[in-house]
Amino acid sequence: MGYNQEIADIILENVKSSIELDAIHFSDYEDKFDIDDFEDTAKQLISSGQIVAKIHKDYHSLYIDF
């Protein structure tokens, strides 16, 4: 698995709307995507400089804070 362009598009679209949102929660997409793909895609976007964000994991889910 790994990077998923569909996930990347969702993350990038949410970053554009970051005035209203401050994080993307995997739990909103868990029926559609694998958590490892979600995390790998976020890491790729962060490392390539496409987004400025941090990945967090808590007892409930994974989320991307920007």
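Each reported figure results from applying straightforward, stated rules to the coordinates on display, with no laboratory input. From a predicted model like this one, the values you see are computed outputs, not experimental measurements. Neighbour counts run over all protein chains shown; Cβ positions are idealised from the backbone, glycine included.
At a glance:
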read-out	value
Most mobile of ASP31, ASP22, ASP40 in a GNM of the chain (Cα contacts under 10 Å)	ASP31
Candidate aspartates and glutamates - alpha carbon under 15 Å from LYS16, same-chain residues fewer than 8 apart omitted	ASP65
Read-out Cα extents along the principal axes in Å, derived from the coordinates shown; its label in (i) 36, 23, 17; (ii) 25, 23, 17; (iii) 101, 10, 5	(ii)
Dipole magnitude of segment 19-66, debye to nearest 20 (Cβ charges: Lys/Arg +1, Asp/Glu -1, about Cα centre)	240
